[in-house]
Amino acid sequence: MAPPQPDRSSVPDAEIVRLVRDGETAAFAELVRRTRRPAYRLARRITRNHEDADDVVQESYAKAYRALHRYDPSRAFGPWLLTIVARTALSQLRRGVLRAAAPLDEPAGEEGVALGERLANPAENPDARHRLIDVERAFARLSDEHRAILALRVEGDLPYAEIAEALEVPAGTVMSRLARAREALVEEMRKQERGGQR
């Protein structure tokens, strides 16, 4: 039986990375624990499929582990990892190796609960729930490029510079692509409203 791992929940990211670099590979599990949910959410947002998101996250952690020598300890680990997740997901999109997008009512993620049920408590505010589902439907109709850049900004909460790094484009390009992606999302929402879709 393996000895229990020490509690590292309050140890800074840079110190955890140092421990891993120094040979304490089990410490990497703490970085995974801290970043697993946002990494999955970002991967799912870009790939639109639970299995693909899992594959992307798994591959991203392997890449991050191998690239720890390039990690800058002055930065938080989370955004650095999300950049890797985004690149990995976008690479899969470009190669066309993703499965079909999952419908909104399909159970997914760790909770195994359909998206519509996770979004909001219908007893508290059914209109908010419908609105969020409408946004999800509109988001699903966007191009891969628009979905990816919005996911990096909204889901990943990455600043423009890190989005530019993830997409390998200038920061100015990020700003213009984000503006076009937002416009496209608003237009998809308008189409739904005109069509009475729900």
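Of all residues in the range 1-26 being more than 18 Å from LYS63 (Cβ to Cβ) and either of a type in the set (A, V, I, L, M, F, W, C) or in a helix (DSSP H, G or I) (or both), which is nearest to the chain's Cα centre (by Cα)?
Within the range 1-26, the first condition is being more than 18 Å from LYS63 (Cβ to Cβ), and the residues that meet it are 1-12, 14-15, 18-19, 22-24, 26.
Within this subset, residues satisfying the condition of being either of a type in the set (A, V, I, L, M, F, W, C) or in a helix (DSSP H, G or I) (or both) are 1-2, 11, 14-15, 18-19, 26.
On the way: MET1: 35, ALA2: 33, VAL11: 24, ALA14: 22, GLU15: 24, ARG18: 25, LEU19: 26, ALA26: 24 Å.
Here the residue is ALA14.
Per-residue answers, yes or no, for (1) out of contact with any Phe, Trp or Tyr (no Cβ under 9 Å at 6 or more places or on another chain); (2) acidic (Asp, Glu):
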site	(1), (2)
GLU24	yes, yes
PHE28	no, no
THR35	no, no
ARG44	yes, no
TYR61	no, no
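Looking for whichever is farther than 21 Å from ARG153 by Cα, modelled with pLDDT of 95 or more and surrounded by fewer than 19 Cβ atoms within 10 Å (Cβ to Cβ) here; the options are ARG66, ARG99, ARG8. Which one fits?
Unique residue meeting the criteria: ARG66.
What helices (runs of 4 or more DSSP H) completely inside the range 106-198 contain at least 1 residues that are modelled with pLDDT under 85 and under 24 Å from ALA53 (Cβ atoms)?
Numbers: elements: 115-119, 126-140, 144-150, 160-167, 171-195.
Per the criteria, 115-119, 126-140, 144-150, 160-167.
Restricting to the range 33-45, name every residue that is in contact with a Leu (Cβ under 7 Å, 6 or more places away or on another chain) and crowded, with 22+ Cβ neighbours inside 10 Å. Explain how you work it out, then say what you get.
The initial filter retains those residues of the range 33-45 that are in contact with a Leu (Cβ under 7 Å, 6 or more places away or on another chain), namely 35, 38-39, 42.
If the condition is that a residue be in contact with a Leu (Cβ under 7 Å, 6 or more places away or on another chain) and crowded, with 22+ Cβ neighbours inside 10 Å, then THR35, ALA39, LEU42 are the ones that fit.
The values are calculated or read from the model by the stated rules, or taken from the named source; none is laboratory data. What you are looking at is a predicted structure, and each value in this text was computed from that prediction instead of being measured. As a convention, Cβ positions derive from the backbone with ideal geometry for all residues, glycine included, and neighbour counts pool all protein chains shown.
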